[in-house]
Amino acid sequence: MRIRIVTIFPELFGPFLETSLVGRARQEGLMEITVHDLRDFTDDAHKSVDDEPYGGGGGMVMTAPPWLAAVRALAAGGGAWRVLLSPQGRRLDDAKVRELAARDDLLLLCGRYEGVDERVRRLAVDEEISIGDFVLSGGELPAMVLAEAVSRQVPGVVGLQDSVVNDSFRRGLLDYPHYTRPREVEGHAVPAVLLSGHHAKIEAWRRRQALAATLEKRPDLLATAALDARDRRELAAIAAEIGRELPLAGGDPSPRT
Ligand code: 4FV
């Protein structure tokens, strides 16, 4: 898997590329992640990358020529999927992460200022991705979020592959609660089932916890979660217990009045 990132702040990526999962994946050659300075693709003495917006209004806009030069130089020979990180993009979620991981060669464009000139989108971008409906000062943190999420999908990057397969959202549900030593924390004990060694009961308990957490915190996810008949029965029981209507397909539940 190759990820190349274009930014005017390459220094922001140092620790991210040298640490933890991504750091080890690069070291072990499981991933190639490189950062490229947009200013290296400017052709003026000041290496300028922004200018005033046509039509007025505050702030500056990133000019198109450096971006076109950078993307065409780095994506020469084709094959790279060119992603602009921006609030106008499709929201990043587990399904999109897996889709991007399958592309195997990503070129991430990190905007700054008010954004990039519209011709960059038209001439040098295959897809826009947003990490959420809020405005940051740059696309660098979203690029790191995307790179980390995608790297977890690369075989061998996450030691326990099954912890990726079992990642919440992969199953369309929120995660079950996790416990470790000490057994008791300020009077709060570990659920006995987790100490039972009874794997089937532990699995059933975790499934029920994931269903309950999802119904409580993210009922919207239930519309697309992979639920079997046992799950549906369990959900109905949980909903009755906590006085919640079960979300109709696609709708979220309102507390039972
Ligand atoms: C963003 C987001 C984001 C917008 C203006 C950079 C900033 C500035 N990118 N998801 N939310 N980008 O806020 O991806 O250029």
### Task
Could you calculate the contour length gain from D44 to T224, that is, 0.36 nm times the residue separation minus the distance between their Cα atoms, to one decimal place in nm?
59.7 nm
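Which of the GluC sites (Glu not before Pro) found in segment 7-100 are loop residues per DSSP with 16 or fewer other Cβ atoms within 10 Å of their Cβ? Write out the running numbers ahead of the final one.
Values: sites: E11, E18, E28, E32, E99; in loops: E28.
Within segment 7-100, the qualifying GluC sites (Glu not before Pro) (loop, at most 16 other Cβ atoms within 10 Å) are E28.
Once you sort the root eigenvalues of the Cα gyration tensor of segment 80-140 as a ≥ b ≥ c, which label holds: rounded (a/c under 1.5), prolate (a/b larger than b/c) or oblate (the other case)?
Working: a/c = 2.10, a/b = 1.27, b/c = 1.66.
Judged from the Cα gyration tensor, segment 80-140 comes out oblate (a/c at least 1.5, b/c at or above a/b).
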### Query
Residue by residue, what Karplus-based ³J(HN,Hα) values in Hz, rounded to whole numbers, does segment 124-135 have, using 6.51, -1.76 and 1.60 with θ = phi - 60° and x for Gly and Pro?
9, 10, 8, 7, 9, 10, 10, 9, x, 7, 8, 10
### Query
Out of L211, P87, L74, whose Cα points farthest toward the positive end of the dipole of the chain (charges: +1 Lys, Arg; -1 Asp, Glu; placed on Cβ)?
L211
### Task
With a point put 7 Å past each Cα toward its Cβ, work out how far A189 is from K201 in nm, to one decimal.
1.3
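What does the helix-only formula give at 222 nm for the chain: each DSSP H stretch with n ≥ 4 adding -39500 (n - 2.57), the total divided by the residues, and the result rounded to the nearest 500 deg cm²/dmol?
Values: 9 runs with 91 residues, N = 257.
Mean residue ellipticity, 222 nm, calculated: -10500 deg cm²/dmol.
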### Task
Would you pull out the residues with amide H under 5 Å of R244's amide H, same chain only if 5 or more places away, H placed 1.01 Å from N?
R256
### Message
Running a GNM on the chain with Cα contacts under 10 Å, which residue among L211, L221, L195 ends up with the highest mean-square fluctuation?
### Response
L195
### Summary
Amide H proximity to L84 below 5 Å, modelled H, separation 5+ or other chain, gives L109, D126, E127, E128, I129
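Could you compute the longest span of the chain free of chymotrypsin sites (Phe, Trp or Tyr not before Pro) located in DSSP loops and having at most 14 other Cβ atoms within 10 Å, not counting the site residues? Display every interim value, and only then the final one.
On the way: sites that count: Y54, F134, Y179.
In the chain, the maximal stretch lacking such sites is 55-133.
Report the FRET efficiency, 1/(1 + (r/R0)^6), for A95 and T19, where r is their Cβ-Cβ distance and R0 is 35 Å, rounded to 0.05. Let's see the in-between values first.
Numbers: r = 27 Å, r/R0 = 0.77.
Efficiency for this residue pair is about 0.80.
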### Query
GNM on the chain, C-alpha springs below 10 Å: top fluctuator among V125, V116, V193?
V193
### Query
Among S86, S137, S151, which one shows the biggest mean-square fluctuation in a GNM of the chain, springs joining Cα atoms closer than 10 Å?
S137
### Query
Of L194, L107, how do they rank once you tally other Cβ atoms within 10 Å and put the fewest first?
L194, L107
### Summary
Cβ density ranking, 10 Å radius, fewest first, applied to M60, M31 yields M60, M31
### Query
Using modelled amide H (1.01 Å from N, peptide plane; none on Pro or chain starts), what sits under 5 Å from the amide H of V49, excluding residues fewer than 5 places away?
none
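Grab the other residues whose beta carbon is less than 10 angstrom from that of A75, score K and R as +1, D and E as -1, and report the net. Numbers along the way, then the final one.
Values: positive: R4, R72, R82; negative: D105, D126.
Taking every other residue near A75 into account, the sum is +1.
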### Message
Compute, for segment 1-63, the length of the dipole vector about the Cα centre, with Cβ point charges of +1 (Lys, Arg) and -1 (Asp, Glu) only. Units Debye, rounded to 20.
### Response
380
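Using Cβ contacts closer than 10 Å as the measure, can you line up I5, I129 from fewest to most?
Details: I5 27, I129 22.
Lowest count first: I129, I5.
A short reminder: the numbers here are calculations on the coordinates, not readings from a lab. As the structure is a computational prediction, the values presented were derived from the model and not from experiment. No Cβ is skipped: glycine too gets one built from the backbone with ideal geometry, and neighbour counts run over all protein chains shown.
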